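The values are calculated or read from the model by the stated rules, or taken from the named source; none is laboratory data. Predicted, not measured: the structure shown is a model, and the values here were computed from it. Every residue, glycine among them, receives a Cβ derived from its backbone with ideal geometry; neighbour counts consider all protein chains shown. These area figures cover heavy atoms from the full protein model, side chains too; ligands, DNA and RNA do not enter into them. Shrake-Rupley method; radii C 1.70, N 1.55, O 1.52, S 1.80 Å.
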Amino acid sequence: MSTSIIGAAVNRVDGPLKVSGQAQYAVDHKLENLAYGVGVFSTMGNARVVRVEASDAQGMPGVLAVLHRGNTPPLYRPAERLEHSRAGEIRPPFEDDQVYYYGQYVALVIANTLEQAQAAADKVRVQYDVRKPAVLLSEAPAPQGPPRVHSTRGDAAGAFESAAVKLDETYTVPVEVHNPMEMHATMAHWEGENLTLYVTTQGVLNYQKVLAEVMGIPVENVRVISPFCGSGFGGKLFPWPESMLAALGAQHLKRPVRVQVPRSMMFTTVGHRPLTQQRVRLGATADGQLVSMQHDVVQPTSMVDEYVEYCTGVTKTLYACENVEVRQDLVRLNVGTPTPMRGPGAVPGLVALESAMNELAEKLGMDPIALRLKNYAETDPGSKLPYSSKHLRECYQKGAEQFGWAKRNPKVGSMRRGNEILGWGMASAIWDAGRGGATVRVRLNSDGTARASCATQDIGTGTYTIFAQVVTEKTGIVLDKVQVVLGDSTLPPGPTSGGSTVTATVLPAIAKATDQAVQRVLQAAVMTPGSPFFAPHGTQAPKVAMTNGWVHEVDKPYSSGVPFEEILIARRLAALDGEATTGPDLANRERYAFNSFGAQFMEVAWDPGIARLRVSRALTVIDAGKIINRKAGTNQVLGAVVMGIGMAMFEEAIYDPRTGKPINNNFADYLVATNADVPELECIFVEYPDYHLNEYGARGIGEIGLAGVAPALAMAIYHATGVRVRTLPFRVEDVLGGERATIV
Amino acid sequence: MQEFRYRQVRTVESAVRANGTYLAGGTTLVDLMKLNVLQPATVVDVNPLPLAQVEALPGGGLQIGAMVRNSDLANHPTVKQEYPVLSEALLSGASPQLRNMATTGGNLLQKTRCSYYRDTNYACNKREQGSGCSAMDGYNRMHAVLGGSADCVATHPSDMAVAMMALEATVHTEGPNGVRAIALRDFYVLPGTSPSIETVLQPGELITHVTLPAPPHGTRSHYLKLRDRAQYEFALASAAVVVQMHGKHLARVRIALGGVGTRPWRSPEAERALEGREATAGNFQKAAAAAMAGAKPLKYNAFKIELAKMALVRALETVTQMEHAG
Ligand SMILES: Cc1cc2nc3c(=O)[nH]c(=O)nc-3n(C[C@H](O)[C@H](O)[C@H](O)COP(=O)(O)OP(=O)(O)OC[C@H]3O[C@@H](n4cnc5c(N)ncnc54)[C@H](O)[C@@H]3O)c2cc1C
């Protein structure tokens, strides 16, 4: 068992807590004397707050305070790059009297109960000096300043001019919102100078830093606790205004305060994937060799922050092409600050790039897989470094085989099944494979259990389980005797859960810390009178090892020894710890390019008689190194594909240009995929351990599954309907005719 | 949400006397109270009323209590057997959780999902007579193409009511002025210049039952709902069809459309285009064209005209090809 647990399909160790309702999410923590804060949100997208009239609200039952700019001390700004800390929005709430976007906090009402606070928040009257907001790309002033991204290789423009076959198309990905099940929430509790925060976050340590900076107190005075996170998808990487308001309110009242973002404001004050308008120009030889790639992106950011959705990175690395030029410009709109959302940059970037490749394949009369193989990058075209491990070719081949790609008739509308026309599409997936630094502590206890701890967190992806798996693999202590403690800023420093880097980052640290703890037990075994392996001074100590949780002589079966806890008991120790810090392995970074890869194969069924489009088949082949937990890994990929179905078919936040409100800011009107929209999904891993990244050969797998889904579906939709969906998501009016709501 | 008085009643008489806003499943009422769109002073909880039965009527037909839950009605054996259009319409609506709460009376009286009606920061004639209509030059993809006025183009969102329209249901009420029976086709009023008035119900009038006539021998029926996603979304367009065939001919046809009208949209034009005619694709197309002849698209919902035609044609194709229920 000690080797097979890595790579096995393991149930998540926190599963029983979750399904029995015992897992403590942010607002589940019990705090005495808790007060409830409810926001008063701007109902205008561009305005100046003239007056906050709160006297009615102030007098309502249970109301403790109505906080706003007029009656609170200013908060500090986070230090950002100077301290490697980052908040969702650089501007702390109430900093000035300007309203930059609809749904910005204008005031916070605090009362004894949630209902009292909500009732009073309704009664706060805000007087605005209203200006017309700009929420559409077409309303934005032209991009100012130099492009935020501009990089060239060769002469892309020249090569495009003289290319035999050219493609020049523009693709638009609308604003998407994260909207995880658990809404953002903070419970803030001051004890003297010390602030404890119960939150839902993807990064307890960054959260701790930011809140210390904003409140102007030393970082060691802040403790952030987030044992469970009802998903983040990037939206919970950085703290948002509600966290600061909870801390401010609790300070003001000298009593714990909870602020939870209501669902409607999950569309505005906690980030989103920004709209991107992406022009792609591809030039190729008649036989499909890419000679030029140009990718130009215009993207809105907020009035207060510069957030760049780095869509063009994929264009520089996915295909072998000598002449590449990419450029990204920002414009400012009256929207909240965008933030990373699952697969930031690459996912929307691939919508454009892979759609363009599929369109080019058609122009060339080439199979889209053949076009990709023709331009296959054997080494990283940007850095010229060899890949640490790349098996994209096999992803295409395995996927094509499993999907039955050879049976494809590329003619639009040619593949029928009853009333329906089938459409097939494919696309490539790519995501960075990163690894950072982490410190992990592993403790072997005298009751036969183990404990591993780290100030990273499990955002629902299975991090708890991976910690336990490594400890089990290294010690043989069974999984349910391994306690894992995460999500607390007081623990040894660990990584933010973002960019699919946690697994690759923590594995080496867990392994090293566990080895160290085991070594200490083995040392104790030979040093301790009463231990069967005790070697008194001057005698030769036996060589001992630990197997299945037992300490034994190396050349004897484990059952000849004793359970490890007997060693600790003999020495009268409660436990022995190991602690290890591992880093990003910068030397290897200079030798190799690290990426995960994949191929998406999608089928849609189109019933032209009733204009009904449904996804009918989805196959994802992923090259992400060694899979540590097959169950959690598959779950990550399939969940990502569901999100991709939403991206291609449903998701789009629509802003009202008159007010700046996302008009569909609820789950009935902002459509995501339901179970009925999701067919049987299949995921295949081509499993080549990437030992240049870490000793387990594992990469993270949070985002890669989403990459390429939407462009593969767009191709399938075209194949079925004859309509190119260049503005996501698909809408029946694309086929039936009629104007679509303006988003650009 | 505003403060309100809450009363629970056990008899129809005390409900009517309580003179408040009735609370049934609450899936519309409480939702809109939370948004401050509805601000009743008194909420009268009618859940204990003995109106939760589905009963066969002595002379044929079905009597459905106002408090029968949507999920119970959808799965009632008689409904599934004799009024499949109603069962299908109910099951296409909302989500299982909502259907377990939603009632027959409440469903008939559910409010529009117009985004501007639901947000008190916007002008809305339905919410506040004379304040203006924000949908007219707003995001009106989900709005009505039939029955709208210059003051209001909000869609009536019910699926159940569309099926009942085609089944020629009758609404039975009891109010301060006694009991009355209202044909469902006379129950809803067009928005005109007073969009806040949606039905002919008088203040305090309680829906007690809905009755359905016995389906004529050999009747077949079907409901088809089209929407962006497969579940849990209001109709972009839907069609309820109830037909009686004589050989290849359509002897009797009842048609109602959903998702396209300011009220559940019975279409006598489409019925006339079909009755006595053969069940052919060409005739179905003509009926669909007749049904949508008066449609007036807004900026973002022109596609609904074509989509509604598609829904009707496909529903007719389906219903005329299926085995009849006997
Ligand atoms: C997210 C969401 C999605 C939905 N999707 C759909 C859908 O796809 N299709 C669809 O058809 N519906 C849909 N619905 C609407 C749902 O069907 C209605 O909310 C429900 O049927 C209302 O019934 P209720 O018993 O809960 O009514 P309540 O909310 O209790 O009442 C609604 C109104 O009727 C009045 N009322 C209730 N009972 C009586 C009575 N006996 N006499 C007189 N007045 C009465 C109330 O005073 C109130 O004004 C959806 C609702 C939601 C929230």
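Per-structure values
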quantity: Of residues in segment A:380-397 being under 16 Å from A:Ser596 (Cβ atoms), in a helix (DSSP H, G or I) and not basic (Lys, Arg), the one most open to solvent (accessible area, probe 1.4 Å); calculated: A:Glu394
quantity: Among (1) over 22 Å from the mean Cα position of the chain (by Cα); (2) open to solvent by 10 Å² or more (accessible area, probe 1.4 Å) - the single one A:Tyr310 does not satisfy; calculated: (1)
quantity: Selection status of A:Glu309, of a type outside the set (Ser, Thr, Tyr), farther than 30 Å from A:Ile684 by Cβ and assigned to a loop (DSSP other than H, G, I, E, B); calculated: no
quantity: Enumeration of residues in segment B:100-127 that are away from chain A (no Cβ under 14 Å) and either more than 23 Å from the chain's Cα centre (by Cα) or of a type in the set (S, T, N, Q) (or both); calculated: B:Asn100, B:Thr103, B:Thr104, B:Asn107, B:Asn125
quantity: Test: residue in segment A:620-636 that is among the charged types (D, E, K, R), at pLDDT 95 or above, assigned by TED's automatic domain parsing to the domain that holds A:Ala676 and under 30 Å from A:Gly413 (Cα atoms); calculated: no
quantity: Those residues of segment A:185-206 which are closer than 30 Å to A:Gly639 by Cα, open to solvent by 10 Å² or more (accessible area, probe 1.4 Å) and of a type outside the set (S, T, N, Q), in sequence order; calculated: A:Tyr198, A:Leu205
quantity: Test result for B:Glu88, more than 14 Å from chain A (Cβ to nearest Cβ), closer than 21 Å to B:Leu307 by Cα, open to solvent by 20 Å² or more (accessible area, probe 1.4 Å) and in contact with a helix residue (DSSP H, G or I) (Cβ under 8 Å, 6 or more places away or on another chain); calculated: yes
quantity: Residue in segment B:100-112 that is within 16 Å of the ligand (Cβ to nearest atom) and part of a strand (DSSP E or B) present; calculated: yes
quantity: Boolean, B:Ser158 is small (Gly, Ala, Ser), away from chain A (no Cβ under 14 Å) and either under 25 Å from B:Leu51 (Cβ atoms) or in contact with a strand residue (DSSP E or B) (Cβ under 7 Å, 6 or more places away or on another chain) (or both); calculated: yes
quantity: Answer from A:Ala541, A:Ala593 - the residue that is at negative phi and not assigned by TED's automatic domain parsing to the domain that holds A:Val709; calculated: A:Ala541
quantity: Strands (runs of 3 or more DSSP E) lying entirely in segment A:544-652 (those with 2 or more residues that are under 32 Å from the mean Cα position of the chain (by Cα) and buried (at least 18 other Cβ atoms within 10 Å of the Cβ)); calculated: A:575-582, A:595-607, A:612-623
quantity: Index of the failed condition, B:Glu306 passing every other in (1) in contact with a helix residue (DSSP H, G or I) (Cβ under 9 Å, 6 or more places away or on another chain); (2) more than 8 Å from every other protein chain (Cβ to nearest Cβ); calculated: (2)
quantity: Sole exception among (1) in a loop (DSSP other than H, G, I, E, B); (2) touching a strand residue (DSSP E or B) at 6+ places or on another chain (Cβ under 6 Å) for B:Pro58, by number; calculated: (2)
quantity: Subset of segment A:674-695 that is within 16 Å of the ligand (Cβ to nearest atom) and open to solvent by less than 30 Å² (accessible area, probe 1.4 Å) - its residue that is farthest from A:Ser42 (Cα to Cα); calculated: A:Asp677
quantity: Out of A:Ala427, A:Ala406, A:Ala400, A:Ala377, sole residue that is assigned by TED's automatic domain parsing to the domain that holds A:Phe601 and surrounded by 20 or more Cβ atoms within 10 Å (Cβ to Cβ); calculated: A:Ala427
quantity: Total residues in segment B:124-151, condition assigned to a loop (DSSP other than H, G, I, E, B), open to solvent by 10 Å² or more (accessible area, probe 1.4 Å) and of a type in the set (A, V, I, L, M, F, W, C); calculated: 3
quantity: Check on B:Arg252, more than 14 Å from every other protein chain (Cβ to nearest Cβ) and assigned to a strand (DSSP E or B); calculated: yes
quantity: Matching residues, segment A:467-512, being open to solvent by 20 Å² or more (accessible area, probe 1.4 Å) and part of a helix (DSSP H, G or I); calculated: A:Glu473, A:Lys474, A:Leu479, A:Asp480, A:Lys481, A:Thr503, A:Lys512
quantity: Selection status of B:Pro40, surrounded by fewer than 22 Cβ atoms within 10 Å (Cβ to Cβ), in a loop (DSSP other than H, G, I, E, B) and more than 12 Å from the ligand (Cβ to nearest atom); calculated: no
quantity: Yes/no for A:Asn666 being of a type outside the set (Val, Ile, Thr), over 19 Å from the mean Cα position of the chain (by Cα) and either away from the ligand (no atom under 16 Å from the Cβ) or surrounded by fewer than 24 Cβ atoms within 10 Å (Cβ to Cβ) (or both); calculated: yes
quantity: Conditions (1) open to solvent by 30 Å² or more (accessible area, probe 1.4 Å); (2) within 30 Å of A:Thr152 (Cβ to Cβ): number failed by A:Val412; calculated: (2)
quantity: Residue match in segment A:688-710 (condition: within 14 Å of chain B (Cβ to nearest Cβ), touching a residue at least 60 places away in the same chain (Cβ under 8 Å) and not acidic (Asp, Glu)); calculated: no
quantity: Subset of segment A:693-720 (residues that are in contact with an Asp or Glu (Cβ under 8 Å, 6 or more places away or on another chain) and not in a helix (DSSP H, G or I)); calculated: A:Leu693, A:Asn694, A:Gly697, A:Ala698, A:Arg699, A:Gly708
quantity: Where a residue in segment B:83-97 is within 8 Å of the ligand (Cβ to nearest atom) and modelled with pLDDT under 95 and its partner, wherever it lies, is open to solvent by 10 Å² or more (accessible area, probe 1.4 Å) and among the small types (Gly, Ala, Ser), with Cβ under 6 Å and at least six apart; calculated: none
quantity: Long-range neighbours under 8 Å by Cβ, at least six apart or interchain, first residue within 13 Å of another protein chain (Cβ to nearest Cβ) within segment A:597-612, second in a loop (DSSP other than H, G, I, E, B); calculated: A:Asp607/A:Asn419; A:Gly609/A:Asn419
quantity: Qualifying residue in segment B:26-34 (condition: away from chain A (no Cβ under 14 Å) and within 8 Å of the ligand (Cβ to nearest atom)); calculated: yes
quantity: Tally, over segment B:190-246, of residues that are of a type outside the set (A, V, I, L, M) and more than 16 Å from the ligand (Cβ to nearest atom); calculated: 15
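Per-residue answers, yes or no, for (1) open to solvent by less than 10 Å² (accessible area, probe 1.4 Å); (2) of a type outside the set (Asp, Glu); (3) in a helix (DSSP H, G or I); (4) within 14 Å of chain A (Cβ to nearest Cβ):
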{"position": "B:Pro215", "(1), (2), (3), (4)": "no, yes, no, no"}
{"position": "B:Arg220", "(1), (2), (3), (4)": "no, yes, no, no"}
{"position": "B:Phe234", "(1), (2), (3), (4)": "no, yes, no, yes"}
{"position": "B:Gly276", "(1), (2), (3), (4)": "no, yes, no, no"}
{"position": "B:Gly282", "(1), (2), (3), (4)": "no, yes, yes, no"}
{"position": "B:Lys296", "(1), (2), (3), (4)": "no, yes, no, yes"}
{"position": "B:Leu316", "(1), (2), (3), (4)": "yes, yes, yes, yes"}
